[in-house]
1. Name the residue from 204, 224, 82 whose Cα lies farthest towards the positive end of the charge dipole of the chain, charges +1 on Cβ of Lys and Arg and -1 on Cβ of Asp and Glu.
2. Evaluate 2.2 N^0.38 Å with N set to the residue count of the chain, then give the Cα radius of gyration divided by it.
3. Would you kindly state the longest site-free stretch of the chain, with sites defined as GluC sites (Glu not before Pro) in a DSSP loop (not H, G, I, E, B) surrounded by at most 13 other Cβ atoms within 10 Å?
4. Applying the Karplus parametrisation 6.51 cos²θ - 1.76 cosθ + 1.60 with θ = phi - 60° to the phi angles of the stretch 212-223, what ³J(HN,Hα) value in whole Hz is obtained for each residue in order, glycine and proline being reported as x?
5. Compute, for the chain, the length of the dipole vector about the Cα centre, with Cβ point charges of +1 (Lys, Arg) and -1 (Asp, Glu) only. Units Debye, rounded to 20.
6. Within the stretch 97-137, which trypsin sites (Lys or Arg not before Pro) sit in a loop by DSSP and count at most 13 neighbouring Cβ atoms inside 10 Å?
7. Please identify the chymotrypsin sites (Phe, Trp or Tyr not before Pro) of the stretch 177-280 that satisfy two criteria: DSSP loop assignment and at most 11 other Cβ atoms within 10 Å. Which are they?
8. Dipole magnitude of the stretch 145-295 about its Cα centre, charges +1 at Lys/Arg Cβ and -1 at Asp/Glu Cβ only, in debye to the nearest 20?
Amino acid sequence: MYITNYITGTVIRGLGNGHKFGFPTANVQPDFPVSLEKGAYAAWIKYDGKRKKAMLYVGTRPTLNLHELTYEIHVIDANPMLYGKHIAFKPVYKLEEEKKFRTQKGLITALNDYKCTAKSLLASSYSHVLTPRLDDIDDVMKIIGQAKRRMKEQGLDQWQDGYPDEETIRNDKRKHQAHIVRKWFETAAYAAIVFGEDPYYENIDGKWLSDGEPYVVVHRLAVGDKYLGLDLAKHLLKFAERKARSRNVKWFRIDTHPDNIPMGNLIRDFGFSLCGTVQVRGGMRLAYEKQVSPF
């Protein structure tokens, strides 16, 4: 299961075993039932207005011969006082299935390995935006296929009519609009970054913030299942802004399905304002716009 939104909960008192191993953890009581496979995860944690890299453990701690299901979070390279606080966390990559270690030393060795891997996985410096090669098209279509499946699972009719197909992506490339994020030498995300008038945006039920000025648009934004939670979609939006600044384009537009909650959250968090609705291939979409950030 892939988590696209943060899980919230309150930090409760635990047994303190993490401190003994050099990995203090916050035991979290989720606000709502959570369906997560047992194991260790690279994760993000939010508390006191901060976001930090973390490791999450979901399980019953068989190495310690315990049986109660717990959610334990270790904040990497920090030891904040979290007891009693309401925090948010998001697992983004499963590091290991739950397992019983023969010794506590074996457990500590594994925890150190998980920490190194989690830090690398969550480091944004490993993400690079590139123009795709022809042999990247198959990988892009796999990512789009995964996004289509997730939308279907959410009950959305978005991208369920065959769009975007391979010819759409090849046309993006011919027009120099295609961009991929490569992470650890793998194609992880895709977006078309488009400059010029968009015919779908000519008629809006509402009003754009700009008035006839040039703008940039991001279409066909998709992230692979394996890379959800690593902020790659935001990485592409920031890249689009940098391209717009380099062309002295001051406005940024985007649209999404009204029931696409993850995309809607991303758009609003990025500073877009809702301007109205537009018709896109026969379907209604929420239309957003923002001024391009000056830096």
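Any read-out appearing in this document is the output of simple, stated calculations on the displayed coordinates, not a laboratory observation. None of the values given here were measured: they were computed from a predicted structure. Don't worry about glycine lacking a Cβ; one is built from the backbone with ideal geometry, like all the others, and counts go over all protein chains shown.
1. Most positive-ward Cα: 82.
2. Scaled against compact globular proteins, the figure is 1.12.
3. The longest such stretch corresponds to 69-196.
4. Each residue of the stretch 212-223 in turn: x, 8, x, 8, 10, 10, 10, 10, 6, 7, 8, 10 Hz.
5. Numbers: 45 positive and 35 negative charges, 242 e Å.
Here the size comes out at about 1160 debye.
6. Numbers: sites: 99, 100, 102, 105, 115, 119, 133; in loops: 99, 100, 102, 133.
When the trypsin sites (Lys or Arg not before Pro) of the stretch 97-137 are filtered for loop state and at most 13 Cβ neighbours within 10 Å, 100, 102, 133 remain.
7. Numbers: sites: 184, 185, 190, 195, 200, 201, 208, 215, 227, 239, 251, 252, 270, 272; in loops: 184, 185, 208, 270, 272.
Sparse-neighbourhood loop chymotrypsin sites (Phe, Trp or Tyr not before Pro): 184, 185.
8. Details: 25 positive and 21 negative charges, 134 e Å.
Here the size comes out at about 640 debye.
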